[in-house]
1. Of (1) on the phi < 0 side of the Ramachandran plot; (2) surrounded by 21 or more Cβ atoms within 10 Å (Cβ to Cβ), B:Gly455 satisfies all except one. Which?
2. Kindly indicate the residue of the range A:389-401 that is more than 15 Å from the chain's Cα centre (by Cα) and buried (at least 21 other Cβ atoms within 10 Å of the Cβ) and also farthest from A:Tyr371 (Cα to Cα) among those meeting that condition.
3. Within the range B:405-456, work out how many residues are within 24 Å of the chain's Cα centre (by Cα) and among the aromatic types (Phe, Trp, Tyr).
4. Select, from A:Glu64, A:Glu105, the only residue that is among the acidic types (Asp, Glu) and either buried (at least 23 other Cβ atoms within 10 Å of the Cβ) or not assigned by TED's automatic domain parsing to the domain that holds A:Val439 (or both).
5. Report, ordered by the first and then the second residue, all pairs with beta carbons closer than 7 Å, sequence separation of six or more or different chains, a first member in the range B:363-380 that is away from chain A (no Cβ under 11 Å) and open to solvent by 10 Å² or more (accessible area, probe 1.4 Å), and a second member that is assigned to a helix (DSSP H, G or I) and aliphatic (A, V, I, L, M).
6. For residues that are in a strand (DSSP E or B) and within 8 Å of another protein chain (Cβ to nearest Cβ), scanning just the range A:105-141, find the one that is nearest to B:Leu142 (Cα to Cα).
7. Can B:Ala221 be described as open to solvent by 20 Å² or more (accessible area, probe 1.4 Å), small (Gly, Ala, Ser) and within 24 Å of B:Ala149 (Cα to Cα)?
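The values are calculated or read from the model by the stated rules, or taken from the named source; none is laboratory data. These numbers come from a predicted model, not from an experiment. Here the Cβ positions follow ideal geometry from the backbone for every residue, glycine too, while neighbour counts run over all protein chains shown. Only protein heavy atoms, including side chains, enter the accessible area calculation; ligands, DNA and RNA are left aside. Shrake-Rupley method; radii C 1.70, N 1.55, O 1.52, S 1.80 Å.
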Number of protein chains: 2
Amino acid sequence: MTTRRALLEGIAAAGGINAAVAALGALGGLLPTPAQAAAPVLPRGGRPVIVIGGGIAGLVTALELKRAGWPVKLLEASDRPGGRCLTLRAGDTVREADGTTQKVEWDSAPHLYMNPGPARIPHHHRGILGYCKQLGVALETLVNQNGAALAEGPDGPVPLRQVNAGLRGLVAELAAKGLPRGTLEAPLTTADLEALRAMLRGFGALDHQLRWQGSSRAGWAERPGLEEGKPTAPLDPAVLLNPVLWRGATFAEGIDYAATMLQPVGGIDAIARALAKALGDSLVLNAEVFALRRTEAGARVEWRDRQRNGRLKQETAARVVLALPAPVLAALDTDLAAPRRDALRDLFYASAGKLAFQCERRFWEDEHAIYGGISFSARDVNQLWYPSHGFHARKGILLGAYIWGGAAGARFAGRTPAQRAEAAVADGKALHADYAAQVAKPVSVAWGNMPLARGAWVEWTEPQRAASYALLRAPEGPYHFAGEHLSHQTAWMEGALISAWAALEGLAWG
Amino acid sequence: MTTRRALLEGIAAAGGINAAVAALGALGGLLPTPAQAAAPVLPRGGRPVIVIGGGIAGLVTALELKRAGWPVKLLEASDRPGGRCLTLRAGDTVREADGTTQKVEWDSAPHLYMNPGPARIPHHHRGILGYCKQLGVALETLVNQNGAALAEGPDGPVPLRQVNAGLRGLVAELAAKGLPRGTLEAPLTTADLEALRAMLRGFGALDHQLRWQGSSRAGWAERPGLEEGKPTAPLDPAVLLNPVLWRGATFAEGIDYAATMLQPVGGIDAIARALAKALGDSLVLNAEVFALRRTEAGARVEWRDRQRNGRLKQETAARVVLALPAPVLAALDTDLAAPRRDALRDLFYASAGKLAFQCERRFWEDEHAIYGGISFSARDVNQLWYPSHGFHARKGILLGAYIWGGAAGARFAGRTPAQRAEAAVADGKALHADYAAQVAKPVSVAWGNMPLARGAWVEWTEPQRAASYALLRAPEGPYHFAGEHLSHQTAWMEGALISAWAALEGLAWG
């Protein structure tokens, strides 16, 4: 083997890899040790604080204040902590802003639940994982990528393993074709080229002539048993170029989607409940804030007690942390400065949504050997998620739609729950022919319709980030701010938590 | 988009993909539905059978006979069912053939165990999964591929996500360089090429000029939080060509290693115990068979009762199923025909082995955010396995070596347990600098030294398969045969089970 620099230049000379890849200086001891994510250390016993909004951002803010001995009260409008960190189970009710109501009619069992909002935790989201560890929230693996799951191709569903093997084979064969043949361009040595070819063979499962002829990576046409197996025939390259297929086989390369993904055992709301338990009576549920006013000593918060016929209450504190989604905060009666109120109103929130069915039989396991993971639809439902828990159990909750927003999200939100279910069944049939007979008891959450969220997550545009991000993060008099929208980890619980830690720094030193 | 045939020919014309890939006929409705794996249906109440060897093959054979009402007795030499399907926990003892003994000194807790033999179940091994379902063996995900785990490169450990992203980037960029530029060779249309380029961009995370400049898929140099993140610099291509790296990032593409992988909750021996429980008193433990002789009515089995001072026993049956590893069977005093005995003796068994440590602290989670998965060593220890269960628990069992055989396996087997541990610590330091301080209480199993296995799994050569496979599978008088070595799924529990089902067919109709 030549030096790495020579090899690199050799490949570049052969028309290959960009010289910018040669970040040779970065190589020695390049293993980054993840910083131990930790909340800021607060001075003991600061001034009284009211936190408004009991989602992850508000819960974390209040808990860290309480731990540091600050007088703190967290006001949450609903009857449960967590906000969008929500789990639905037998007996729960989903109420939309227009009064549309769904009752969850599923069986009662630990494995029969749906997480309509956040549902997975990347292994490198050290903040939220740290709270899980501190508070004893049990975690298990969430299968995000599963080769047995399906993608809807132009001719029907294809197992992702077949797509993935086909893509690797196609790309590796094309790469091999591009290598110099016959006379070698210096300084790529024969040994370098042989190492490169060996890698391409292994990368793509190419044959000895560096051609993709198929392999068992794509699955078995006949399984091995008493006799040798026969691999599935390779997919047509034109099928592989269908974006639903290659995107489905590629999405889990993303840093926030790559293994290991985790989930709390029994539902994501285990995190919210653990935070709420640690907060004890500092958390006030059913406290619907409707107005905020500055006072000489801080601010006055006016709220309705939804448990007691809407009895009006008010209290004051030196500081108020507003940990609400922007559309909800924008709708309150506040004395926030006009530029902030304008910026809040201008933020766009994704009208994402999910829909889940209860299934009498885990047909995805029985018929396709699908244990967890995601199938990719070419239709509105976008994704089907199979449960990563309760394997082989009686019944299961199948996520029959995960729509990120856009036109499909608007259609989803604009339909009644029954219409959503009907559309989801129609879409799902393209992946599982017998779908209509297998799924029942639909439950859907269209986040744009949820009165205390008014959207799933922020969608910043670049100009908005430039114009408003610093403004919206900055404290204003007694008011401080937190929420996933005030981070660069939007839509993740980790982003909410990072914004909370930033708000705590502001409270401590501001 | 043109027709797929045209696109295909276009790519071929452009010097690309092999025409053999054009298995167009195979495309319509190509989704293979896995056959419902099932044991053969036996006639009710056949002649008496003795099964020898209580590994997976013997347990399955005996259970299916019992279910069909045949008089059956399973003789197992050790004091537990399962054979190589073994879990070690606090208080267990490992005894090698030469008398070397290790006591497992770990703490007693459900998550503190080691599976020295089989440890994972591919989702498409429908036979063994079927028994898990029937017998109520709880399953959970085993993380086989984890981007946070490490590979030992020439300059130190590298996270697999960085290797994987680098390989995809490098190969996709090389593939893009090989595409026609400027004038297009017919019949590849502009639209086809654009679809191909879009796929390459997505496949490799290339930039708009189709160059690999790095991406967050490789990890973060600075994590996103309040500000945008900065991706890790791309790896030098010469580092990527190190086989430890690219093999480590590629192994889970294999059909038997791809997600979803499963494991029984609490240890692999849950399967053996469930089968044994279903067998009830048809299973006789501590029954060490030493001789077999044909009789007029079938065969006579002579054995020692190891629980009762080796008291000699014998019994006869119409049929005897020999479900023993070949080296163990070859060493018995039998009247098997000479060609079979020769073939049994000639079979080569891998001297594979594993070693595990108890760790006071799950440093791999704390410091590297590694939740399950495998790190790849360039040294004898080969692989480190992090537990896929007990996340965030106190303590953990870390597999510090998984050696498949060969020279490293011979070295491993030739050492004392203490020497093995010393060598494993030295090797492990290359992946985790502080390793020596973190690992304790080693336990090792070198399968070649285990008296009732004499090897980990068969390693057939092609000429041996041609010469002996049919012979060894065929019944001989009253004798029938089973075991992973009598399948094309060698080393897997599924292979043992498939061989058992074949033996049952032989008993039923032979």
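1. Against the list (1) on the phi < 0 side of the Ramachandran plot; (2) surrounded by 21 or more Cβ atoms within 10 Å (Cβ to Cβ), B:Gly455 comes up short only on (1).
2. A:Gly400
3. Count: 2.
4. Of the residues listed, the single one that is among the acidic types (Asp, Glu) and either buried (at least 23 other Cβ atoms within 10 Å of the Cβ) or not assigned by TED's automatic domain parsing to the domain that holds A:Val439 (or both) is A:Glu64.
5. Pairs found: B:Phe376/B:Val244; B:Ala378/B:Val244; B:Asp380/B:Ala408; B:Asp380/B:Ala423.
6. A:Thr141
7. yes
Table: residues versus (1) within 14 Å of another protein chain (Cβ to nearest Cβ); (2) at pLDDT below 50; (3) open to solvent by 40 Å² or more (accessible area, probe 1.4 Å).
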| residue | (1), (2), (3) |
| --- | --- |
| A:Ala6 | yes, yes, no |
| A:Ala12 | yes, yes, yes |
| A:Ile17 | yes, yes, no |
| A:Val49 | no, no, no |
| A:Ala68 | no, no, no |
| A:Leu86 | no, no, no |
| A:Thr93 | no, no, yes |
| A:Asp98 | no, no, yes |
| A:Thr101 | no, no, yes |
